[in-house]
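The values are calculated or read from the model by the stated rules, or taken from the named source; none is laboratory data. It should be emphasised that the depicted structure is a prediction, and the values quoted were computed from it without experimental measurement. Neighbour counts are summed over all protein chains in view; Cβ atoms, including those assigned to glycine, are modelled from backbone coordinates with ideal geometry. What goes into the accessible areas is simple: the full protein's heavy atoms, side chains included, and nothing from ligands, DNA or RNA. Shrake-Rupley method; radii C 1.70, N 1.55, O 1.52, S 1.80 Å.
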Amino acid sequence: MSSNRYKVVRNGSSPAGFSEIPVLGYELFHEEVTSMLADERYHCLNYSCFRSGEGFRFICVIADDGSGEIRILSHIKKDDGTPLRSLTASCYAMHIFEREIYENHGVLFDDHPWLKPVRYPHDRADRLSVMDNYPFYEMDSEELHEVGVGPIHAGVIEPGHFRFICNGERVLHLEIQLGYQHRGIEKLFVSAGDGLHRALLSENIAGDSAVAHGLAHAQLLESLAGLEPPVSLQIERCIALELERIGVHIGDTAALCGDVAYQLGQVACEALRTMVINTTQFWCGNRFGKGLIRPGGSNFPLTEESAAEILRVLEEVDRRYANVTDCIYSLPSVLGRFEDIGIVTRKQATSIGAVGMAARTCGVPRDIRATHPFQYYRKMEINPVMQETGDVLARGMLRALEVRESVKIIRRLIENWRNCAKETGRPQYDLRFRPDCLAVSVTEGWRGEICHVAVTDNDGKLVMYKIKDPSMHNWMALALAVRNQEISDFPVCNKSFNLSYCGNDL
Amino acid sequence: MLKEIKILSDHGKQYVPDLRNQPVSALFRGRPVITADITAAEARKAAALCPAGAIDSSSGAVDLGRCAFCCECALAMPEVYRFTNDYRISATRREDLIIKPGQSEPLRIDESAVRKEVRRLFRRSLKLRQVSAGGDNSCEMELSAAGNVNFDMGRYGIEFVASPRHADGIVITGPVSENMSAALEICYEATPAPRLIILVGTDAISGGLFAGSPAIKRDFIESQHIDLYVPGNPAHPLTFINGVMDLTGRK
Ligand code: SF4
């Protein structure tokens, strides 16, 4: 369906010429966005703005999960300091995007309920806003106390600050303050010398999702260059993405067991994860798949030897992991710690715009592989794995089931790879991009949807690069999950989401 | 109970018995070797293609403290650059990370650069506090893995602890974001002396791909004595464990 209010593209397909994107007045823009997002079939992939001649150019990218369309809406605002009516007031899922726009550009939203800093970027509009004076939510009561944790945590993990307001052991409120990991990576994409440099950056956005982010990036550039990857390359990329999912999910299962002192589950899963990531290393030389995903081609085309190794290892991992998870999720002492703990309701998930695993564990079927298929998933039937209860157990079970599903997907992929022409060529780092356009690329990493958006100028040079990690939405799910829980349940709740700090902080 | 026994029997023995000589897959990118007769033109070409600025344009030497291990130099000029899968690439001196043309012997740490008390105090037991300062979570995961059921560095008394107060040193990952720089310094100050500083991963050693970013602030680590550099993107658990064992004089 076309419209004079938005431009329609599809995931990773040809980009939208800037002149084709209608520019709406803010009232109309507001009405269009909020009315779409009132319907659960739509969700916002990205909303951002950048400075262009006329002032601020706002771009809102909305996914239609029913038809697979991606709608691009736009609005231009003069840089005159006047506030805008916030979208968040009608659609809470937009809170993170409006906060980001406010922090980066100083654009005010006058009825935004929670207009707080997102990550304290180095080029923020207000340099006087510093981490030390983050405006924490406070409750004034003699009965309550606050617990501050971080930025450095007890484990070997990334930094972030968590502040709990508790009544005794019970958490009333958790506020998560991030930004410690900010490296200014979006700007580096624009200033990077060449395509190879950018490809490396994309693998370092979040190293635990090197393939998912690397692929979102490669697909985006190919879209800007009008390049369709050969079938063999598409299949190889999907295999890599599923291997990444399997490895992380099994590692997370180990971590969850570790948190509740179930050692057998922990060590068994640690060993299985090692087998999976060593297989990725067998294929491309790196346990995280760094180096594997490149625009236009691959340095490590799949070989029959690697394919056979992947199948062999997965056969064993699948069988053993099924036994382990069977054991874990039938053990009363584990279930006692997982069941009904850290619940996110379906309603909460849709209202905060949860994506990926966090959405699928409370009955919201968000999976880009199924709704906006990319690469070889376009030729496959993907049925998202679902859970309904939204608790730690659901997030554990989802991993167990997704691993099994991904193993099946990889088997099918390899079968199809064996029958297709092997046309994977060398990477292309000097792609020429179409001038004056905007491209959108979305992948489904193990956490959820990763969205990269880029804009080119009239010479075909990148002028804006936006990255959205699923964690940006899902950190709020964690904050809601721990409400009314014992504070001692925070670690399992946190692990059960395993969100990215650097993916959020960029 | 039967299920548990089945899991254990499937599990078998998982630990790597000899961490010094564990075979890793052929494609793993460890210590590079550069041909001795590299020409000036080849060095210039390699330096121009290297995305990390790791190759010296006059000599063609590779700085492992900057290298992102992307392998492009070796793919473009296989007769000049080659990566071996030798994972023992840690060093006690920054300049030892620079691999020169013709250098083919394994990297071994310079004993003279090790402080005396390090060997005396930490050889049998070393408790470390990890601080991620802009890391991308891959080095962090590899450091966790160094203590897992496979690599099990705990067998040598090497362990990560929850508080800097319990630690003998800090292990830094990431290029050191400005937003994390103060917390990093506080953490270091909270660690009782004598204390080690170990940099893990290319980002930590030089800033890596982020070296030029205005969001990075490295003055703290640049003003400190660094006890060990552990290169990699991310650093492999075996690189880390071997480096630490060499540093503390563990055989
Ligand atoms: S492998 Fe290292 S030295 Fe070679 S091109 Fe990549 S970053 Fe540069």
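Return the residues of segment B:105-131 that are out of contact with any His (no Cβ under 9 Å at 6 or more places or on another chain) and open to solvent by less than 40 Å² (accessible area, probe 1.4 Å); say none if nothing qualifies. Lay out the reasoning, then the answer.
Initially, segment B:105-131 is screened for residues out of contact with any His (no Cβ under 9 Å at 6 or more places or on another chain), giving B:105-114, B:116-126, B:128, B:130-131.
Scanning segment B:105-131 gives B:L107, B:I109, B:D110, B:A113, B:V114, B:V118, B:F122, B:L126, B:L128, B:Q130, B:V131.
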Residue that is most open to solvent (accessible area, probe 1.4 Å) [pool: residues in segment A:23-47 that are under 21 Å from the mean Cα position of the chain (by Cα) and of a type outside the set (A, V, I, L, M)]: A:R41
Residues satisfying the stated conditions in segment B:133-149, i.e. under 16 Å from B:I170 (Cα atoms), facing chain A (nearest Cβ under 7 Å) and assigned to a loop (DSSP other than H, G, I, E, B): B:G134, B:G135
Conditions (1) within 16 Å of the ligand (Cβ to nearest atom); (2) under 25 Å from B:G207 (Cβ atoms); (3) not polar (S, T, N, Q); number of the one not met by B:R88: (1)
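Can you report the number of residues in segment B:32-48 which are among the basic types (K, R) and either within 12 Å of the ligand (Cβ to nearest atom) or open to solvent by less than 60 Å² (accessible area, probe 1.4 Å) (or both)?
The number of residues fulfilling the criteria is 1.
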Residue pairs meeting the criteria (Cβ under 7 Å; at least 6 apart or on separate chains; first within 7 Å of chain A (Cβ to nearest Cβ), in segment B:208-219; second β-branched (V, I, T)): B:F210/B:I216; B:I216/B:V176
Scan of segment B:1-43 for residues that are among the aliphatic types (A, V, I, L, M), in a helix (DSSP H, G or I) and within 9 Å of chain A (Cβ to nearest Cβ), ordered by number: B:I7, B:L8
Filtered residue count, segment B:65-84, keeping only those that are more than 8 Å from the ligand (Cβ to nearest atom) and in contact (Cβ under 8 Å) with a residue 40 or more places away in the chain: 5
Which numbered condition B:S104 fails, given (1) within 13 Å of the ligand (Cβ to nearest atom); (2) among the hydroxyl-bearing types (S, T, Y); (3) away from chain A (no Cβ under 14 Å): (1)
Residues of segment A:282-325 classified as within 9 Å of chain B (Cβ to nearest Cβ), open to solvent by less than 10 Å² (accessible area, probe 1.4 Å) and part of a helix (DSSP H, G or I), total: 3
1 or more residues of a type in the set (A, V, I, L, M): qualifying helices (runs of 4 or more DSSP H) within segment A:435-506: A:471-481, A:490-497
In segment B:49-81, the residues that are more than 13 Å from chain A (Cβ to nearest Cβ), of a type outside the set (A, V, I, L, M, F, W, C) and buried (at least 16 other Cβ atoms within 10 Å of the Cβ): B:D56, B:G60, B:D63, B:G65, B:Y81
Filtered residue count, segment A:54-65, keeping only those that are open to solvent by 20 Å² or more (accessible area, probe 1.4 Å) and without any contact (Cβ under 8 Å) to a residue 60 or more places away in the chain: 2
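This table checks each residue for (1) crowded, with 22+ Cβ neighbours inside 10 Å; (2) modelled with pLDDT under 95; (3) not small (G, A, S).
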| residue | (1), (2), (3) |
| --- | --- |
| A:G336 | no, yes, no |
| A:I352 | yes, yes, yes |
| A:V392 | yes, no, yes |
| A:L413 | yes, no, yes |
| A:A421 | no, yes, no |
Residue in segment A:202-209 that is assigned to a helix (DSSP H, G or I), within 18 Å of B:F69 (Cα to Cα) and within 7 Å of chain B (Cβ to nearest Cβ) present: yes
Test for B:A26: is it more than 19 Å from the chain's Cα centre (by Cα), of a type in the set (G, A, S) and closer than 25 Å to A:R273 by Cα: yes
First in segment A:335-360 and closer than 24 Å to A:T325 by Cβ, second anywhere and among the basic types (K, R) and outside any loop (DSSP other than H, G, I, E, B), Cβ under 7 Å, 6 or more apart: A:M357/A:R395
From the options A:R360, A:R346, A:R369, A:R378, residue that is touching an Asp or Glu at 6+ places or on another chain (Cβ under 6 Å), farther than 22 Å from A:E309 by Cβ and basic (K, R): A:R369
Residue check for A:S19: small (G, A, S), buried (at least 20 other Cβ atoms within 10 Å of the Cβ) and outside the structural domain of A:D457 (by TED's automatic domain parsing): no
Residue check for B:G243: more than 10 Å from every other protein chain (Cβ to nearest Cβ), of a type outside the set (F, W, Y) and surrounded by 24 or more Cβ atoms within 10 Å (Cβ to Cβ): yes
Residues located in segment B:189-207, provided they are in contact with a strand residue (DSSP E or B) (Cβ under 9 Å, 6 or more places away or on another chain) and without any contact (Cβ under 8 Å) to a residue 40 or more places away in the chain: B:A190, B:R195, B:I197, B:L199, B:G207
